[in-house]
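Below is one structure, written out as structure tokens; the observations come after it.
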Amino acid sequence: MGPVLGIETSCDETAAAVLAADGTVLAEAVLSQAGHAAFGGVVPEIAARAHLAHLPAMVADVLAQAGVAPAALGAVAASSGPGLIGGLIVGSSFAKGMALAHGLPFVAVNHLEAHALTPRLPALGGLAFPYLLLLVSGGHCQCVSVEGVGRHRRLGTTIDDAVGEAFDKVGKVLGLGWPGGPAVEKLAKQGNATRFALPRPLKGRPGCDFSFSGLKTAVAQLVATYPAGPLPVADAADIAASFQHAVAETLADRAGHAMAMFAATHGPRTLVVAGGVAANATLRAVLTAAAAKAGFAFVAPPLRLCTDNAVMVAWAAIERLRAGFVDRLDHAPRPRWPLDSSDMQTTAAP
Ligand code: KG4
Ligand code: ZN
């Protein structure tokens with residue numbers, strides 16, 4: 001099989017990558033869109049237009065860098081859900097157009113499966129199935145038993161907000177701008193994590209679902225007890241640290257339950273953490289300790305492969321093609337596409 005082109009446009013990262021069939025990265029590019037910060041969050045229409053503006057040149061660039069002519073590709077793949085529908089339409093239509101023009105197979109990649117299969121990249125050691133994935137980003141917060149290509153069992157998910165959303169909201173109420181995660185982590189370093197008693201949502205409850213909306217609201221209510229205007233820096237730091245501590249304890253508890261659920265079927269294996277929130281050093285440390293306690297190995301892919309990128313999309317496509325899955329050109333991108341959907345293991349002859 002020739003090299004595979006992957007395209008990622010499900011949120012606010014425009015990305016393209018070319019991987020050789022053995023998973024070697026030949027070229028990759030990621031553009032984190034500017035233009036959303038002023039609105040305090042990703043504006044779907046701005047994102048879709050920016051994908052459209054940047055994707056054609058980016059794809060030409062990665063193909064040139066890889067030294068691969070379009071017709072020499074083995075397949076073209078795009079994230080086709082879940083995500084913001086405008087961006088998904090841009091990326092998947094572009095990929096389908098290339099597939100049609102050059103007579104190539106098209107692979108509609110589930111963005112969550114792309115995150116889930118990342119630790120199987122040869123460069124990351126090619127982790128064997130099964131393993132447990134904790135996906136923590138601005139859009140997702142779930143525990144998944146990754147059992148094979150197209151074979152995933154969702155053990156738990158958030159019943160309201162994703163953990164990254166909670167960081168972003170707390171960043172906003174503390175006046176730190178958007179996205180909030182990195183700024184909250186930085187401020188928390190100077191703070192006292194035990195000063196404010198904040199809720200640990202669902203801690204100790206059976207299962208490994210998550211909930212962050214109550215914690216987010218508790219922080220907003222705490223900030224509202226201060227006079228209007230900027231908070232004293234020391235108080236803001238204590239709030240950031242106390243919030244991060246509450247998240248850490250919650251994630252450790254939920255991941256502990258997830259590992260017990262996973263181990264009941266497969267025994268202790270590996271806990272993989274992915275998504276932008278995995279950048280947080282405190283959370284990583286807490287999860288490392290939780291994994292050790294449960295007898296699991298702990299893996300966190302390098303950050304550029306943890307956050308949205310196209311290497312993971314091309315890699316997931318390679319895995320799907322090897323397993324015999326290919327998609328039709330009328331495959332419809334979809335904003336919601338749970339990992340354990342029945343169509344994750346189907347294929348349709350073009
Ligand atoms: O995976 P990602 O880049 O994009 C998607 O959401 O798909 O994740 C972005 C999220 C944002 O909510 C951001 O605030 C959060 O990850 N984040 C962090 C940190 N860095 C990014 N959260 C906590 N601590 C960080 N250091
Ligand atoms: Zn993602």
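Values quoted throughout were computed directly from the atomic coordinates according to the rules given, and no laboratory measurement underlies them. Note that the coordinates shown come from a computational prediction; the quantities given were computed from them, not determined experimentally. All Cβ positions, even for glycine, are placed from backbone atoms using ideal geometry, and neighbour counts span all protein chains on display.
Side notes on the structure shown:
- 16 Å reach of a label modelled at E249, 7 Å along Cα-to-Cβ, counting backbone N of region 191-214: 192-205, 211-212, 214
- Residue-wise HN-Hα couplings along region 25-33, as the Karplus relation 6.51 cos²θ - 1.76 cosθ + 1.60 with θ = phi - 60° gives them from phi, are 7, 8, 6, 8, 8, 9, 10, 8, 5 Hz; Gly and Pro carry x.
- In whole angstrom, the chain maps to an equivalent ellipsoid with semi-axes of 36, 24, 16, each derived as √(5λ) from the alpha carbon gyration tensor and ordered largest first.
- Pairwise Cα distances in region 141-196 exceed 19 Å for 49 percent of all pairs.
- Extension gain, T217-T24: 0.36 nm per intervening residue step, less the Cα-Cα distance, totals 65.0 nm.
- Bins of 10 Å from zero: percent of alpha-carbon pairs in region 112-220: 14, 36, 30, 18, 2
- Region 144-156 - phi-based ³J(HN,Hα) in whole Hz, Karplus 6.51/-1.76/1.60, Gly and Pro as x: 10, 8, 8, 10, x, 5, x, 10, 9, 10, 7, 8, x
- 0 to 90° range, to nearest 10: angle between helix 44-66 axis and the chain longest Cα axis: 50
- Under 5 Å from the amide H of A27 lie the amide H atoms of V18, each residue being 5 or more positions distant or on a separate chain, with H modelled from the backbone and absent for Pro and chain starts.
- Cross-link partners for K172 among the aspartates and glutamates, with Cα-Cα distance under 16 Å and sequence neighbours closer than 8 places in the same chain left out: D161, E185, D235, D238.
- Using only alpha-carbon positions in region 241-350, the gyration tensor eigenvalues give semi-axes of 32, 17, 13 Å once each is multiplied by 5 and square-rooted (largest first).
- Residues R200, R284 arranged by fewest to most Cβ contacts within 10 Å: R284, R200
- Computed over region 1-81, the quotient of the alpha carbon radius of gyration and 2.2 N^0.38 Å is 1.17.
- Among D235, D61, sorting on how many other beta-carbon atoms sit within 10 Å of each Cβ, with the fewest leading, yields D61, D235.
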